[in-house]
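The values are calculated or read from the model by the stated rules, or taken from the named source; none is laboratory data. No experiment lies behind these values; they were computed from the predicted model shown. Because the Cβ atoms are built from the backbone with ideal geometry, glycine has one as well, and the counts that use them run over all protein chains shown.
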C-alpha cells in the first residue's frame, strides 16, 4: 500500500471531471468516496457529511464521529477480501482539503533558530532571549494557503542589499523553502478561555506537511520591528491529504529536557513526534531530518497560542516552524543548507543552488515508519509576473 493502507487512511477533498467535489480517503493508489460509501450503508453516517467541498463539516462533527468513521473505514479496508471501488488517482483532482481559518507559524526548532542566529548575529547569542521561554510565532495569511501541486510565482517586494543606500523594488532573488509540519484544528475553543497544555491535543484533527515559502531578501529588510510580512504571505503549501492525529499519536517519543523549565502553563513531560522527513529539489534529495528535533511540542504551541484568550476555530492551521537537525544534511531550508549562499548545494546534474531558480521544483515527503507516508507537498517556481 506504499504508506496508504488501513493504518493510515488520510482524508482529502477530490473531484472527477464533471462532478462535485467531496470527501475521500487515500487508499493504496486510489481514492475512496466517503459520500458513496455512506449512501451504500457502509458508513453509519449521513452521506451529506461527506458531500462537501471541504473537510470542515466533518471536522466540526467532533472527535467521537471522527473515531467512529475511522474505525468503520479500517474494518472495511483491513480484510483480505476488501473490494471497494476506488477512484484512480489519475482521475481525481485533489483540492485544498479544508477551509483555513487562521494561520499561525512558529519558530520551534532549536537547530534552525540557532543556525539563523549564527548567520545573522555572529557576535551575539544565536537565540533571542525569549526563545527558550515561549514558542515564538507570527500570524500568516490564510487566504494564500494552497494545496500541493499549485505553482508558486516568484514574489515581488522591497529589498536592500548590503551596501545599497536605498531599498529597491522587484522580484525576490533569494527565494527559499521551509520544511514543516502543519497541525489542523478540528475542535474550536471559546473566546477568552485558554486551552491547557494537557488538553491541547484534544483539539487537533490531524497533521499535514507544510512548506512555508520564504523570500529571504524581503524578510531581511522588512522583519524589524514586527516580523515577517510580504516575505511569507505570498504562499504556503500543504499536502492534499490530512493524516488523522490518531494515526500518528503512537509516534510520540520523549524529548530532551527544556532548560530553563517552562512556565506552568507550558509545562509538560517533553515529547516530540518521530516522523522522518525529507526535501527533494529537482528530483534530488538534499535534506533528511526528523520531527523529533522540534524543541516546542504541538501541545505547547497551541497552549501558548490561546493563553491570552484567543479562540480556536474549525480549520485553523499552525505550522511547527522549520525542522532542522544538528547535521548539515538535516537542515530544513536552503538558507541553512547553503549557509546563506556561502556554501552552494551541489545537484546530481552538475548544477548548484543557493536559493531557488525559476523552474525549480521542491517536494517535501514524510513517513511514520513503514505503514504511513504523509501526503507529499510539491511546488514549482514560476517567474515573477
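Structure data summary
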quantity: Lone qualifier among 5, 24 - being under 23 Å from the mean Cα position of the chain (by Cα) and either crowded, with 19+ Cβ neighbours inside 10 Å or assigned by TED's automatic domain parsing to the domain that holds residue 370 (or both); calculated: 24
quantity: Residues located in segment 233-254, provided they are more than 16 Å from residue 10 (Cα to Cα) and in contact with a helix residue (DSSP H, G or I) (Cβ under 7 Å, 6 or more places away or on another chain); calculated: 233, 234, 235, 236, 253
quantity: The listed residue being out of contact with any strand residue (DSSP E or B) (no Cβ under 8 Å at 6 or more places or on another chain), at negative phi and surrounded by fewer than 24 Cβ atoms within 10 Å (Cβ to Cβ), out of 250, 192; calculated: 250
quantity: Residues of segment 204-233 satisfying the condition of being in a loop (DSSP other than H, G, I, E, B) and touching a strand residue (DSSP E or B) at 6+ places or on another chain (Cβ under 7 Å); calculated: 212, 213, 227, 228
quantity: So residue 199, is it more than 30 Å from residue 120 (Cα to Cα), over 15 Å from the mean Cα position of the chain (by Cα) and either at pLDDT below 95 or assigned to a helix (DSSP H, G or I) (or both); calculated: yes
quantity: Residues of segment 163-183 that turn out to be touching a residue at least 12 places away in the same chain (Cβ under 8 Å), surrounded by fewer than 17 Cβ atoms within 10 Å (Cβ to Cβ), part of a loop (DSSP other than H, G, I, E, B) and out of contact with any strand residue (DSSP E or B) (no Cβ under 6 Å at 6 or more places or on another chain), as a count; calculated: 1
quantity: Criterion: surrounded by fewer than 19 Cβ atoms within 10 Å (Cβ to Cβ), over 16 Å from the mean Cα position of the chain (by Cα), assigned by TED's automatic domain parsing to the domain that holds residue 113 and modelled with pLDDT of 95 or more - qualifying residue of 132, 160, 154; calculated: 132
quantity: Single residue of 358, 327 found to be more than 30 Å from residue 56 (Cα to Cα), touching a strand residue (DSSP E or B) at 6+ places or on another chain (Cβ under 8 Å) and assigned by TED's automatic domain parsing to the domain that holds residue 247; calculated: 358
quantity: Residue within segment 83-100 that is more than 27 Å from the chain's Cα centre (by Cα) and part of a helix (DSSP H, G or I) present; calculated: no
quantity: Positions within segment 257-286 being over 23 Å from residue 196 (Cβ atoms), out of contact with any helix residue (DSSP H, G or I) (no Cβ under 9 Å at 6 or more places or on another chain) and assigned to a loop (DSSP other than H, G, I, E, B), in sequence order; calculated: 282, 283
quantity: Pair list, Cβ under 8 Å, 6 or more apart: segment 273-291 residue at positive phi, other residue part of a strand (DSSP E or B); calculated: 282/361; 283/361
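Let's see how each residue does on (1) at pLDDT 95 or above; (2) farther than 30 Å from residue 292 by Cβ:
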| residue | (1), (2) |
| --- | --- |
| 54 | yes, yes |
| 60 | yes, yes |
| 67 | yes, no |
| 76 | no, yes |
| 85 | no, yes |
| 102 | yes, no |
